[in-house]
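The values are calculated or read from the model by the stated rules, or taken from the named source; none is laboratory data. Since this is a predicted model, take the numbers as computed values, not measurements. Glycine gets a Cβ as well: all are built from the backbone with ideal geometry, and neighbour counts include every protein chain shown.
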Amino acid sequence: MEFQKSLLEYISQSLMTAGETISIAESVTSGCLQLAFSQMPNATLFYNGGMTAYTLQQKIKLLNVEKEEAEECDCVSEAIARTMALSVAKIFDSDWSIATTGYCTPIRNSSYKIFTYFAFSYKGEIILTKKLELHPKTQALNAQLYYTEFILGCFKSEINQLLILK
């Protein structure tokens, strides 16, 4: 599994230049984002760590997701992604965080759709939340890889905006 080398290098260099750190909370991407960050040059200088919490119970236990809210939406919503992002940033004491939750296979709970919600936090505030939907016939691994690449691209844009404003 390979990611765009120039994208990884850009994110790495930007975080190191700013002296900032990041952590990841994943569900639907099942560790793909963590893998991407671990492959960045000098990752130990800015990547504090991450976790994959795949089940509703683990998201409640580890990432402070509210049980009632999680049960209502099968733990897949914009609000859940936000909570996951804020919680993982606190857990790993990082400036930035990324969280994902969604579906990579069409099932009844997803209305037979494939989509993810993802959120970015920066210094304790949510700065971006988006939903990305793919064709329902997309293979699961392809969906996970596409989500990962798309999220990394969005993250690059957010870094650019915030670092330019500094």
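Table for the structure above
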{"quantity": "Residue satisfying all of: in the stretch 42-59; over 15 Å from the mean Cα position of the chain (by Cα), assigned to a helix (DSSP H, G or I) and in contact (Cβ under 8 Å) with a residue 24 or more places away in the chain; surrounded by the most Cβ atoms within 10 Å (Cβ to Cβ) among these", "calculated": "43"}
{"quantity": "Close pairs from the stretch 67-96: first under 17 Å from residue 113 (Cβ atoms) and touching a residue at least 12 places away in the same chain (Cβ under 8 Å), partner of a type in the set (A, V, I, L, M, F, W, C) and crowded, with 18+ Cβ neighbours inside 10 Å, Cβ under 7 Å, at least 6 apart", "calculated": "75/56; 75/65; 80/65; 80/70; 81/99; 81/118; 81/119"}
{"quantity": "Only one of 1, 51 that is modelled with pLDDT of 95 or more, out of contact with any Lys or Arg (no Cβ under 9 Å at 6 or more places or on another chain) and farther than 17 Å from residue 159 by Cα", "calculated": "51"}
{"quantity": "Tally, over the stretch 66-101, of residues that are surrounded by 24 or more Cβ atoms within 10 Å (Cβ to Cβ) and among the hydrophobic types (A, V, I, L, M, F, W, C)", "calculated": "10"}
{"quantity": "Sole exception among (1) more than 16 Å from residue 50 (Cα to Cα); (2) out of contact with any helix residue (DSSP H, G or I) (no Cβ under 7 Å at 6 or more places or on another chain); (3) crowded, with 18+ Cβ neighbours inside 10 Å for residue 139, by number", "calculated": "(3)"}
{"quantity": "Wholly enclosed helices (runs of 4 or more DSSP H) of the stretch 60-166 bearing at least 3 residues at pLDDT below 95", "calculated": "67-73, 140-165"}
{"quantity": "Residue, surrounded by the fewest Cβ atoms within 10 Å (Cβ to Cβ), within the stretch 1-41, restricted to residues that are farther than 23 Å from residue 129 by Cα and of a type in the set (A, V, I, L, M)", "calculated": "1"}
{"quantity": "Verdict on residue 116 being within 18 Å of residue 31 (Cβ to Cβ) and surrounded by 15 or more Cβ atoms within 10 Å (Cβ to Cβ)", "calculated": "yes"}
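So that you can scan it fast, the table gives a plain yes or no per residue for (1) under 22 Å from residue 126 (Cβ atoms); (2) touching a strand residue (DSSP E or B) at 6+ places or on another chain (Cβ under 9 Å):
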residue: 7; (1), (2): no, no
residue: 23; (1), (2): yes, yes
residue: 28; (1), (2): yes, yes
residue: 33; (1), (2): yes, yes
residue: 47; (1), (2): yes, yes
residue: 58; (1), (2): yes, yes
residue: 70; (1), (2): yes, no
